[in-house]
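Following: one structure in structure tokens, then a few remarks.
Nothing in this text is a laboratory measurement; each read-out follows from the coordinates by a stated rule. The model shown is predicted, which means the values in this text are computed figures rather than measured ones. Don't worry about glycine lacking a Cβ; one is built from the backbone with ideal geometry, like all the others, and counts go over all protein chains shown.
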Amino acid sequence: MLCPRNCAARRAQGETGACGQTWEIKVARAALHYWEEPCISGKKGSGTVFFSGCALHCVFCQNKKIADGAAGVVISEERLAWIFLELQEAGACNINLVTAGHFVPQVARALISAKNQGLSIPVVYNTGGYEKADTLRRLEGLIDIYLPDFKYMDPALGLAYSHAEDYSERAKSALAEMVRQTGPAVFSGGNEDGLMERGTIVRILVLPGCVADAKNVIRYLHETYGDTIYLSILNQFTPMPWLSEYPAINRRITRREYETVTGYAIGIGVERGFIQEGRTAEESFIPQFDGEGVLTKSIRM
């Protein structure tokens, strides 16, 4: 019952939930990652931990291999705490928890253990946005930066592409809790050129043919939160091979689509945020989920 699916699976007894996972922590990769927003990756990389499984199951997911739970290694809470400490030792700017929602109780305990052993860098909670506010409250005081998606405003799109007609409703309540916990953004050095130490960045992935919905998302976020949060408008939608069943989105977005969305954001007064330049819709930006750093220290320094 940790996520909005409310599948009531007895995961501690070995059943798999809507996330595809039992209660055992499963991680597919733990290594330095350089492809996040500049204030997250910095020059040294974000200490990214990719958890296996996902309750959302977006049809366009680039991380399908781990979202479906096919990749990953089962580890203990103790090992997870050590992974956090090893990433800090490797020079990571922060600990970046990717799709950890279905393991929140275990992650919270591992973070407490790691902090008691010297973990001092910020912790990022990187999520698809389909979260329960009650579950997020379990992380209060442990997460410094929230990095959620806000994928859709239109319930029909949420249903069609993520099997979640209630996506926008859930994302709104989850985001409200995230912003309550973090407050306004704080950067090292006191300016936006530094690393983010605290705050919330909301990602908007522009989908092909969905410019109007992306505008609606941006308008809602700006009218609700103003300069309290940062927006990250992404052009990196990558049409994966299995999208042939969804012809409406089985293509890259056009430059005109992206510029229309970013121009709209600027036009309504959005000043705090990130846009992407160049060709980022490439499968080469998708990391190898080969278990690096999960059982032994990552060699990528």
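Near the amide H of residue 94, within less than 5 Å, lie the amide hydrogens of 47, all on another chain or at least 5 residues away, with H placed in the peptide plane. Between residue 24 and residue 44, the C-beta separation translates, for a Förster distance of 30 Å, into a calculated FRET efficiency of about 0.45. In terms of its alpha-carbon gyration tensor, the chain comes out rounded; the largest-to-smallest axis ratio a/c stays below the 1.5 threshold. Distance between the pseudo-spin-label points of residue 74 and residue 173 (7 Å out from Cα toward the beta carbon): 3.3 nm. Can you give me the long-range amide H partners of residue 234? Hydrogens built in the peptide plane at 1.01 Å from N, cutoff under 5 Å, separation of 5 or more residues or another chain. So residue 234 has HN proximity to 204, 205, 206.
Here residue 115 is the anchor, and the lysines within straight C-alpha reach of less than 19 Å, apart from those fewer than 8 places off in the same chain, are 297. Applied to region 157-167, the Karplus parametrisation 6.51 cos²θ - 1.76 cosθ + 1.60 on θ = phi - 60° returns per-residue 3J(HN,Hα) values of 5, x, 5, 5, 10, 9, 6, 9, 5, 8, 4 Hz, with x for Gly and Pro. Of the residues 76, 168, 52, the one that moves most in a GNM of the chain with alpha-carbon contacts below 10 Å is 76.
Mean sequence separation of contacting Cα pairs (under 8 Å, at least six apart), scaled by the length of the chain, corresponds to a relative contact order of 18 percent. Extension gain, residue 116 to residue 133, is 3.5 nm, computed as 0.36 nm per intervening residue step minus the present C-alpha separation. Computed extension gain for residue 35 through residue 156, at 0.36 nm per residue and net of the alpha carbon distance, reaches 40.5 nm.
Highest average first, the peptides 34-43, 97-106 ordered by how many other beta carbon atoms sit within 10 Å of their residues are 97-106, 34-43.
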